[in-house]
Amino acid sequence: MRLSKEALSIKVVVRRSRRGTAPFVWEINRDNMPEPVYVSTETFVSMEEAFRAGHARLAEFTPVRGSMREATGHYAEAD
């Protein structure tokens with residue numbers, strides 16, 4: 001399956017949200033939107049941890065052309 005143009009405009013951004021031992025959060029951003037689509041509620045000790053966790057969730061926000069998920073808005077396993 002191929003990624004749609006919309007999927008290519010979605011990305012993970014890691015930023016420092018506060019001070020302390022776990023200051024980093026990840027966000028899912030879309031190029032055409034000024035505000036993030038989703039911001040993690042969990043905080044992370046390192047940028048690397050936050051980046052990995054954000055990419056693990058990225059698939060939920062990434063439409064795939066021709067997939068059942070794109071048609072229904074939900075995950076579906078292919079038979």
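Contact annotation: no residue pair with Cβ atoms under 8 Å, 6 or more positions apart or on different chains, pairs a residue in region 44-56 that is in contact (Cβ under 8 Å) with a residue 60 or more places away in the chain and on the phi < 0 side of the Ramachandran plot with a partner that is crowded, with 16+ Cβ neighbours inside 10 Å and in a helix (DSSP H, G or I). Return the residues of region 30-63 that are over 24 Å from residue 19 (Cα atoms), more than 10 Å from the chain's Cα centre (by Cα) and of a type in the set (A, V, I, L, M, F, W, C); say none if nothing qualifies. Hit for region 30-63 is 33, nothing else.
Table: residues versus (1) among the polar types (S, T, N, Q); (2) at pLDDT 90 or above; (3) assigned to a loop (DSSP other than H, G, I, E, B).
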| position | (1), (2), (3) |
| --- | --- |
| 15 | no, yes, no |
| 22 | no, yes, yes |
| 26 | no, yes, no |
| 32 | yes, no, yes |
| 41 | yes, yes, yes |
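The values are calculated or read from the model by the stated rules, or taken from the named source; none is laboratory data. Computed from a predicted model, the values in this text were never measured in an experiment. All Cβ positions, glycine included, derive from the backbone under ideal geometry; neighbour counts span all protein chains shown.
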